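Trainee: First the structure, which I've put down as structure tokens, then a few questions once you've had a look.
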Amino acid sequence: MAAARGEFTSRFGFVMAAAGSAVGLGNIWGFPTQAASNGGAAFLLVYLALAFSLAYPALMAELILGRHAHANAVNALRLISPGTLLRRIGVSTGVIGLCVASLILSFYAIVAGWMIAFCLASIAGLLGLEGFAQWLTSFGAPRNITFMLLFMTLTIGIISEGVSEGIERWSARLMPALLVTLVLLVGYVLTLDGAMEGLKVYLLPDFERALSPKLIIAALGAAFFSLSLGVGTMLIYGSYISDKENLPLLGGMVTLVDISIAVLAGFLVLPAMYVALHNGVEIFTAGGTLISEDTLIFTVLPELFSTMGTAGIIVSITFFFLMSIAALTSSISMLEVPVAYTIEEHGVSRKKAVWVIGGIIAAISTVILFNFAQLFGLVIAFTTRYSQPLLGFMFCLYAGWVFNRNTLLQELRKGNPQVEQGLFWKIWPWYVKLVCPLIILAIFAQSLWG
Ligand code: PHE
């Protein structure tokens, strides 16, 4: 089995793939719009604090366990557990993680499908195909299902190619393209009237709001979702890292890239909202709250783009293309979780596993689409707001309490012989054992009773 396992062939390839997984709809759409509806800079501050103090240590727990076991989450947690009970809990955590990853993909494919549809709609508009553009941007079952299936097929196609040929090659191509496009868009939007007002909302914090339980739990979910934590994605990517690499450094690079792109996307979306407002587009409801998050990008931004004349069409194509790319490098990492498990646990071929599991997830997406009002928001809240931080909590407990300290040190020494002298070894082991689990629990307790 070991011989058949893939591995990232370069450090750049791994960082691009892991950052590709981390950077997605969560950063470019979820984070900025949540920041906008939760007090702008206040949300930004809490998000930054939680990302560095909780999400980075939790990411390290997954990367270390993954590389140590060179296996999927289920096998990794089983491997490090000494007794039957701990093994059972570990295996259940891994299995729940892979179910949550599949459920995340089932709603993600829907939203990503819309991104592709909106990108094509702008191209159709450019070609004068107004009717087609109209169909592409209107909410309807045929459109939703067509583009969800198209997105799932792209994801399946990449994943069936394996680790270095599929995940690594595509992420290394797509991620730099994404960064460049984002920077250009930010530069453009900041020159427009109204942008400065959005910038103020984004950068001037209201400290009273920063302490509200609702804001903190939203920021926690956003940080865990953004770094792809809790569902075994990062553990699986960690299992493909070569033993020569210095893990804390790689994890730090991925965290920095992810957070920077989220913060950068805030510089695009918040000013863009106020530019739209300046141009007469409604972005607030009568009650003064922000129009809901799904509508924000799919209503306000196209309207914003359309006020920019011909340039707006180009900006619109670029923006939705960027969103589709970001979604694809994340979705491949979600599908890899159940696929790697099925290959390693049941000896099924990669192609077969990918198509069967991809098919099941597409079927779940179809069910969600036919019961949209009841299921869509529910699946998002269940998976991202509750399951991810709680599963992340379990990974911290296993890395901190169950994983043998000497084995842990050996694992870290592999890519960094001096690790014992460094700050990481002095802080992380007790931090992930005590501080991370306690803060996650405290935030949950506060949100339940607060
Ligand atoms: N991190 C991704 C994003 O920000 C989402 C994701 C969650 C990816 C869980 C993989 C696993 O969009």
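The values are calculated or read from the model by the stated rules, or taken from the named source; none is laboratory data. Small disclaimer: the values here were computed from a predicted structure and weren't measured. Note: ideal-geometry Cβ built from the backbone for every residue, glycine included; neighbour counts use all protein chains shown. SASA here: full protein model, heavy atoms, side chains in, ligands and nucleic acids out. Shrake-Rupley method; radii C 1.70, N 1.55, O 1.52, S 1.80 Å.
Trainee: Whenever you get a sec, compute what percent of the accessible area on the chain sits on carbon and sulfur atoms (1.4 Å probe).
Mentor: Details: 11950 of 17540 Å².
Carbon plus sulfur share of accessible area: 68 percent.
Trainee: I need the peptides 98-107, 183-192, 332-341, 272-281 ranked by packing, meaning the mean over residues of other C-beta atoms within 10 angstrom, with the highest value on top. List each step's numbers first, then the result.
Mentor: On the way: 98-107: 24.1, 183-192: 16.1, 332-341: 27.2, 272-281: 20.5.
Per-residue mean Cβ counts within 10 Å order the peptides as 332-341, 98-107, 272-281, 183-192.
Trainee: Distance in nm between label sites at residue 197 and residue 92, each 7 Å beyond Cα in the beta-carbon direction?
Mentor: 5.3 nm
Trainee: To continue, here is another question. Any idea of the accessible area per residue across the chain, 1.4 Å probe, to the nearest Å²?
Mentor: Details: 17540 Å² over 450 residues.
Ligands and nucleic acids excluded, the result is 39 Å² per residue.
Trainee: Let me ask something additional. Order these peptides, 430-437, 373-380, by their mean beta-carbon neighbour count within 10 angstrom, highest first. Provide the component values of the computation, followed by the final result.
Mentor: Numbers: 430-437: 17.9, 373-380: 14.6.
Peptide ranking by packing, descending: 430-437, 373-380.
Trainee: Another question, if that's okay. Among 25-38, 403-416, 128-141, how do they line up from the highest to the lowest mean number of other beta-carbon atoms within 10 Å? Could the numbers behind the result be given before it?
Mentor: On the way: 25-38: 24.2, 403-416: 15.7, 128-141: 13.3.
Averaged packing, sorted descending, gives the order 25-38, 403-416, 128-141.
Trainee: Return, in residue-number order, each cysteine of the chain whose C-beta is not under 4.7 Å from any other cysteine's C-beta.
Mentor: 99, 119
Trainee: How far, in nm, would the chain grow between residue 183 and residue 286 when pulled straight, counting 0.36 nm per residue and subtracting the alpha carbon separation?
Mentor: Values: separation 103, 0.36 × 103 = 37.08 nm, distance 3.32 nm.
Extra length from residue 183 to residue 286 when fully extended: 33.8 nm.
Trainee: Lysine pairs in the chain with alpha-carbon atoms under 30 Å apart, 8 or more places apart or on different chains: how many are there? Show your work: numbers first, answer last.
Mentor: Values: 200/214; 214/433; 244/351; 244/414; 244/426; 244/433; 414/426; 414/433.
Qualifying lysine pairs in the chain: 8.
Trainee: Quick one: grab the alpha carbon gyration tensor of segment 345-450, order the square roots of its eigenvalues as a ≥ b ≥ c, and give me rounded if a/c is under 1.5, else prolate or oblate depending on whether a/b is larger than b/c. Could the numbers behind the result be given before it?
Mentor: On the way: a/c = 3.75, a/b = 1.46, b/c = 2.57.
Oblate.
Trainee: Now a separate question. Quick check of the Kirkwood formula: for segment 9-449, what is the inverse mean of 1/r over all pairs of different Cα atoms, in Å?
Mentor: On the way: mean 1/r = 0.0453 Å⁻¹.
Result for segment 9-449, one decimal place: 22.1 Å.
Trainee: Need one number: convex hull volume per residue for segment 280-388, Cα atoms only, in Å³. Can you show the working numbers first?
Mentor: On the way: hull volume 15.6 nm³, N = 109.
Measuring per residue, one finds 143 Å³ for the Cα hull of segment 280-388.
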